[in-house]
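Take a look at the structure below.
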Amino acid sequence: MSLILSITGFVILNIALVLYFAKLKKNQTPKNPIILKGSMLVSTAFVLWSICSAYSGGVSAGVWTGIIFMAFYILSINITFAVFLATKNTPIGDIKVKVGDTILPFKTVNFNSESLIGKRTLLKFYRGSWCPYCSAELVMFEKLKTKLTPYGIEVMGISNDTTEQQAAHLVRDNLTHTLIPDPELNIIRQYGVEHHKALAATANDTINLFGITMPLPWKMKHKPMSIPTSMLIDEHGKIVWIDQSEDYRIRASEEAVMGAVKANFS
C-alpha cells in the first residue's frame, strides 16, 4: 500500500509536468498553472501519506528504497516550481533606454557593439542557460529564423554566463545565435536590466527533464542576473521595440515578436 501511494503521487506529478513542459517548449507557459499547482499539492500529500504508512506498518528495505527515491524526486520538483512561482516577479522600471534611443555602446573581449551598426538585431537579455524559460525562448527564436532572415534580423543574446557555458548552451539546444558573455554584469547594469537578487543555479547544476533543462533546487542561491528583456534594433542602432518580462516565466509570443518586426521593418 505504501509503495502504491508513492507511485500514484509520482504518476500524477509526471503527467502534470508533461502537460506543462509541452506548453513551455512552445513558449506558451501558463500564467496560472492550475494543473501543475494541483499536482504538486496532491503528489506531496501522497508521498507523505506513503512515508507515514510505511513507518507505521513496517515494510521491506526494497520498498523503503522505492519510497525514498520517489519522495526525493517529487519533493525536489515541487520545491523547484514552488521557487519559480514564489519569485516570478521581476523588478522592472530601471531600464536605461527607451524606444527611439540609440543603443548604449559596449565592448567585451570578443564583441563590440559597433558591429551592430548596419544590421538589424533582435537583442535578448536572458537569465542564463540554466533557466528553462530562457532556453525555451531562445529555441523559439531559433525556429523563427526562417521568418526573421527575410527582414535581415540577427538574434543575439546577453547573459552573465561565461564563454564556456554559452558555448555548451549553443551545442545543447542546437542554437546558432550569437551569445555574448557578461559574467560581471557590466552590460546588464549599463542597460538597467539587472535583477539584483534572484534565486538561480549555474549551467553545471541542471538536469534534463522531459527535454527541458531544470536547475537542481539544492544548488540554487541568490545572485544578480538580467531581467528577461528583448530589444529590436534597426540598422542605424536605434531601438524600435522593447519587451520586458514582469513575470520571468512569461515571454513575448511568436505573434508578438513578428508583429513588432512587421510593424517596424515592413
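The values are calculated or read from the model by the stated rules, or taken from the named source; none is laboratory data. Bear in mind that the values here come from a model prediction, so they are computed numbers and not experimental data. FYI the Cβ positions are ideal-geometry reconstructions off the backbone, even for glycines, and counts take in every protein chain you see. Side chains included, ligands, DNA and RNA excluded: accessible areas come from the protein's heavy atoms. Shrake-Rupley method; radii C 1.70, N 1.55, O 1.52, S 1.80 Å.
Quick look at the numbers
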| read-out | value |
| --- | --- |
| Under DSSP loop assignment and at most 12 Cβ neighbours within 10 Å, longest trypsin sites (Lys or Arg not before Pro)-free interval of the chain | 99-266 |
| The chain, helix-only ellipticity at 222 nm - DSSP H runs n ≥ 4, -39,500 (n - 2.57), divided by all residues, nearest 500 | -14500 deg cm²/dmol |
| D_trans [Stokes-Einstein, Kirkwood Rh over alpha-carbon pairs] for the range 139-206, 37 °C, 0.692 mPa s, µm² s⁻¹ | 243 |
| Whole-number percent relative contact order across the chain, with pairs defined as alpha carbons under 8 Å at least 6 apart | 24 |
| Diffusion coefficient, µm² s⁻¹, Stokes-Einstein with Kirkwood Rh over alpha-carbon pairs of the range 108-266 at 10 °C and 1.306 mPa s | 100 |
| Pair-distance profile P(r), taking every C-alpha pair of the range 13-143, with 10 angstrom steps and integer % | 9, 27, 26, 17, 12, 6, 3, 0 |
| Debye log10 I(q)/I(0) for the range 41-102, one point scatterer per Cα, at q = 0.17, 0.19, 0.26, 0.30 Å⁻¹ | -0.69, -0.78, -1.06, -1.20 |
| DSSP-loop chymotrypsin sites (Phe, Trp or Tyr not before Pro) across the range 190-222, with at most 15 other Cβ within 10 angstrom | Phe210 |
| Alpha-carbon centroids, the range 183-237 and the range 87-102: separation in whole Å | 15 |
| Equivalent ellipsoid semi-axes, the chain, via Cα gyration tensor eigenvalues times 5, rooted, Å | 41, 18, 15 |
| Gyration tensor (alpha-carbon) shape descriptor, the range 90-197, a/c threshold 1.5 | rounded |
| D_trans [Stokes-Einstein, Kirkwood Rh over alpha-carbon pairs] for the range 105-165, 20 °C, 1.002 mPa s, µm² s⁻¹ | 167 |
| Isolated Cys residues of the chain, judged by Cβ distance under 4.7 Å to other cysteines | Cys52 |
| Accessible area (Å², 1.4 Å probe, nearest 10) - Asp182 | 10 |
